[in-house]
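Heads up: the structure comes next, in structure tokens.
Computed from the coordinates by the stated procedures, all read-outs in this text should not be read as laboratory data. No experiment lies behind these values; they were computed from the predicted model shown. Here the Cβ positions follow ideal geometry from the backbone for every residue, glycine too, while neighbour counts run over all protein chains shown.
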Amino acid sequence: MDSDSRIKEFYIKHIPGAKMEGNILKAPCPFCSHHGMERIGIIAVHLNPESFFKGYFQCSGRCIPGGFPLYFGRLMGLDPWDVPGYDPDREPYALDIAYPPRNLNTEIKRYMSMMDKETFEYFRKFGISEPVLKEMKTGYNGRYIVYPYFLEDGNCYAARCVLPSREEDFFWHGEEAFFAEEYRLFNAQEIERCEDGALFIAEGEKNLLTIKALGYPGAAVPSAADLEALNPERIAGIRHVFLVLNNSPESEISARSTATRLGYKARIIKWPAHLSRGYSLSHLAADKGEGFRPAFSLMIKSSKAFSPFSAPEKEHRRFFESLGSEKAGKASGLSSGFEKLDNAITSVSGINIMGGPPKAGKSCFFLQVSSEMAMGRTPVVYYDFENGRQRLYMRILSRLSRMSEQDILMREQGKEESERLEKARSDFREMLYYFRVVTDRKLEPDIMRRQIDFLQRETRRDHAVVVIDSLHKLPFKKLSERRTGIDAWLRQMEAIRDEQNVSFLVVSELSRGEDGHYGERPDLASFKESGDIEYSADNAMILLPDWDPMDPISISERKTTLWLVASRENSPGRIADYMLEYPFWCFREM
């Protein structure tokens, strides 16, 4: 017998007088008389095989909360082996705490009795009836709505008191130890009732009440941030978990984070794009009225099981967009500005690390490449730990104007120089929208991620370039951990490259040879204090000057050779020779 048939036969066998009406089994409720109900309600069991709530039962008189077969079996005192979904190996979850002897149970009953006509009318605007409020033991203290947080042991030790007219005004009442985040689950007892079934987890108690008013099972957290404290083991016995959070970026992030921890069982309820920030289920219930049920049902049906993988359609689009960018070359905005360099490394992509002796022009080279890319409207974040913002800007202006720093600082220039400088200033101003310099020596990977994300959103570009000058001056917790710190940063760069579509230009140092020189033959072993460059870099390059950087005055021509020493996709070898055009801080590809 399949699962659907077994659930149907189970209820027919144990509910006297049960009859099918479509996909719903109905009968006089067998529990009403045991709970002192004046009128016997109708128990309805949902048996639609296509529904997530197959096997969920509820009484029209709300004599007891609804639940799934395992909960029904416990209420009826049945042998668990006879109940569909029973797993003898499933371990029950228990909070690791000693429950205090005192609780708020009596106080909660008093607050429930204080619910007046005006308060019931307030909830009625959201489709929440008096029986629902009674079932959820919602109370009122004369000013604040009191939401009791009953725990699995059946007692309430803490309650959240919320001002109806301003829900951000609230306080906790009861035993202070139970104000902690791990206990902030409203209607926590629903978890046991929904074992082997489905459960909604909403943001905010009032939003949960709208779900309960529709007859669905659920629990709630006070805010989206409280989801972080939800232990997945606590809801390990639930088959499907629907996350219904408010319409905000913060709530969406919390939902995705929670879904990642819960895995395949999680389904995030999505909001239509046109709705305003902060829109919630209670807003939808008030706006839709009788149309709330079909609107919410549609949201449930359109929800999808959370997946850690990108949708196939998204992967298809991303792949062919990437191919288009590679084909477009310069048109894509990913050109370095040097034709031979673009050919050697297939444009600027991935993690590109360049080493060289001191004063070889490494910073100058990547400054020219990145500022040219910013001129082409590619967002660039330049992390500088070497020169300072003012010096970088001056060198860019010098290159754009073809004027020395000394000439730029002169009070008067000739007509031609003045026009050239004015054009350079205009170009520089436009470039700064895409080119941001960061000199914070307390940089962390999460800060880097946020800064990249901000610039991508501000410039409306999916790609970004990050320059790090230099790898060996990135912040480390301890100087003694420099080697492991560098390797850890490289791991972070790999993740950022893949997750945020970022290309890196990284300046590195070289190790001296035994004779104290840097050697004439470039190879991967020349890089200083970083064995992981071999594994992390998409392209590893070395810039070697043919002149003595320590004695520049005696040399008229300053030719430098760029070598590709390692690459994932391209053949190593000599890339090109470059002439340093001093004092304009500019390289020319020869």
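Can you classify region 163-312 as rounded, prolate or oblate using the Cα gyration tensor, where a ≥ b ≥ c are the square roots of its eigenvalues, rounded means a/c under 1.5, and otherwise it's prolate if a/b beats b/c and oblate if not? Provide the component values of the computation, followed by the final result.
Working: a/c = 1.38, a/b = 1.05, b/c = 1.31.
Here region 163-312 falls in the rounded category.
Given axes a ≥ b ≥ c from the Cα gyration tensor, I'd like to know whether region 329-589 is rounded (a/c under 1.5), prolate (a/b larger than b/c) or oblate. List each step's numbers first, then the result.
Details: a/c = 1.56, a/b = 1.16, b/c = 1.34.
Because a/c hits 1.5 or more and a/b fails to exceed b/c, region 329-589 counts as oblate.
Using only helices, what value at 222 nm comes out for the chain when you add -39,500 (n - 2.57) per DSSP H run of length 4 or more and divide by the total residues, to the nearest 500 deg cm²/dmol? Can you show the working numbers first?
Details: 19 runs with 199 residues, N = 590.
-10000 deg cm²/dmol, from helical runs alone.
Enumerate by residue number the trypsin sites (Lys or Arg not before Pro) in region 103-182 meeting two conditions: DSSP loop (anything except H, G, I, E, B), and at most 12 other Cβ atoms within 10 Å of the site's Cβ.
Sites meeting the loop and neighbour criteria: 125, 143, 166.
Please get the size of the charge dipole for region 246-313, origin at its Cα centre, with Cβ charges of +1 on Lys and Arg and -1 on Asp and Glu, quoted in debye to the nearest 20. Intermediate values should be presented prior to the final figure.
On the way: 10 positive and 5 negative charges, 51 e Å.
Dipole magnitude for region 246-313 comes out near 240 debye.
Can you give me the C-alpha center-to-center distance between region 358-425 and region 176-199, rounded to a whole angstrom?
What the calculation gives is 60 Å, centre to centre.
Plugging the Kirkwood radius over Cα pairs into Stokes-Einstein for region 3-82, at a temperature of 25 °C and a viscosity of 0.890 mPa s, what D comes out in µm²/s?
The calculation lands on 193 µm²/s.
Just report the Cα centroid separation between region 120-149 and region 27-92, whole Å.
25 Å
Putting +1 on Lys and Arg Cβ atoms and -1 on Asp and Glu Cβ atoms, find which of 355, 334, 218 reaches farthest to the positive end of the dipole of the chain.
Selected residue: 218.
Sort 264, 147, 86 by Cβ crowding within 10 Å, fewest neighbours at the top.
Listing 264, 147, 86 from fewest to most nearby Cβ atoms yields 264, 86, 147.
Suppose a student asked you for the relative contact order of region 426-494, using Cα pairs under 8 Å spaced at least 6 residues apart; what percent would you report?
Over region 426-494, the number comes to 31 percent.
Where does each of 298-304, 10-16 land if you order them by average Cβ count within 10 Å, highest first?
Per-residue Cβ counts within 10 Å, averaged per peptide and sorted highest first, yield 10-16, 298-304.
Using +1 at the Cβ of each Lys and Arg and -1 at the Cβ of each Asp and Glu in the chain, identify which of 587, 67, 283 lies farthest towards the dipole's positive end.
Value: 283.
Which shape class, rounded, prolate or oblate, goes with region 405-465 when its Cα gyration tensor gives a ≥ b ≥ c as root eigenvalues, a/c under 1.5 marks rounded, and past that a/b bigger than b/c marks prolate?
Oblate is the answer for region 405-465, as a/c is 1.5 or above yet b/c matches or exceeds a/b.
Rank 511, 578, 185 by how far each Cα sits towards the positive end of the charge dipole of the chain (+1 on Lys, Arg Cβ; -1 on Asp, Glu Cβ) and give me just the farthest.
Of 511, 578, 185, it is 185.
Any idea what the relative contact order of the chain is, in percent, if you count C-alpha pairs under 8 Å spaced at least 6 apart?
Here the relative contact order equals 9 percent.
Tell me, in nm to one decimal, what length is gained between residue 87 and residue 250 on full extension, where the rule is 0.36 nm per residue of separation less the Cα-Cα distance?
On the way: separation 163, 0.36 × 163 = 58.68 nm, distance 3.70 nm.
Full-extension gain reported as 55.0 nm.
Distance from the Cα centre of region 487-514 to that of region 227-261, in angstrom?
Rounded to whole Å, the Cα centres lie 34 Å apart.
Restricting to Cα pairs below 8 Å that are 6+ residues apart, what does the relative contact order work out to for region 105-305? Please round to a whole percent.
It comes to 16 percent, rounded to a whole number.
What is the magnitude of the charge dipole of region 329-589 about its Cα centre, with +1 placed on the Cβ of each Lys and Arg, -1 on the Cβ of each Asp and Glu, and no other charges, expressed in debye to the nearest 20?
720 debye
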